[in-house]
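A quick write-up on the structure given underneath.
Nothing in this text is a laboratory measurement; each read-out follows from the coordinates by a stated rule. This one's a predicted model, so the numbers in the text were calculated from it and none came from an experiment. Reconstructed Cβ throughout: ideal geometry from the backbone, glycine too, with neighbour counts over all protein chains shown.
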Amino acid sequence: MSKALQQKLTARFGARILAATSQHGDEAVVVAPADWREVHLFLRDDPSSQMQMLIDLCGVDYPDREPRFEVVTHLYSLTKKHRLRVKTAVGDADGDDAVVDSLLSVWRSADWMEREAFDMFGVRFAGHPDLRRILTYPEFEGHPLRKDYPAARTQPLVPYREGAGVQGKLAPFGADEGMPFGRQTHGAPGSPEVN
C-alpha cells in the first residue's frame, strides 16, 4: 500500500517529489524543504492516505555532504495501516541555514520532536511558537548530536538560580523543566522530604 502512496504523491506533486525509495518493505520519499509542509498536509488530509499519526520526527547529520542535515518524519495511518517516511535536506556544510517549516499546525505531536531536533542538531523550524532547547539547558553551547561535536567537550559552568531550593539555591532548571527525580528538594515548599 505504501508503494501506491508513493505513486500517488508522484502523480500529485510531480518533480517536487525528488526521490522515492523502497528498501526491505520500507518506503520513503524525499521532498524539497519548500514542499515539506504541503506534502505532509496532503498526506494527512487525502482520503487515500489518511496519515493521522506522526510517529517520529528526527534529524540526521551527514557532515561530508551538502545540504548537511536530513529532517525525517515517520508517518502512520491508523485506518489504512500503511507507513511512509518523508525526508528533506537542509543546511550548509557548517550547519547554518538549516531551516524547514514546522509541522506543529499539522500534528500537535511535532512540538517536542521539533524542539529535540533543534536542540540536538540546530535545525530550526519556521513557525514553531516555542523553539527552545528541550534536552539541554539554555546556556548549552553547540548541538551534541552533530558529528563534529567534540566528545570530550566541557560545557561552561552555569550558576545556580536563586529560589526556594536547597539553602536558597535551585538547580539550573525551573520548576517545570527537567526531571524531578534525583534532585535535592529538602525544605522546598510543597515537596516531600527525601530520606
* If amide H atoms are built 1.01 Å from N in the plane of the peptide, which residues on other chains or at least 5 residues away come under 5 Å of the amide H of L18? -> V30, V31, A32
* For labels at E139 and D96 in the simple 7 Å Cα→Cβ model, what's the distance in nm? -> 2.7 nm
* To do: Report the paramagnetic label zone for L18: residues of the range 36-53 whose backbone N is under 11 Å from a point 7 Å from Cα along the Cα-to-Cβ axis.
  => 36
* What dipole magnitude, in Debye to the nearest 20, does the range 2-126 give about its Cα centre under +1 on Lys/Arg Cβ and -1 on Asp/Glu Cβ? -> 820 debye
* To do: Show which lysines lie in cross-link reach of K147 when reach means a straight Cα distance below 25 angstrom and same-chain residues fewer than eight apart are skipped.
  => K87
* Which number comes out as Rg/Rh for the range 36-122 once both Rg and the Kirkwood Rh are worked out on C-alpha atoms? -> 1.00
* Using 0.36 nm per residue of separation minus the Cα-Cα distance, give me the extension gain between K8 and R132 in nm, one decimal. => 41.0 nm
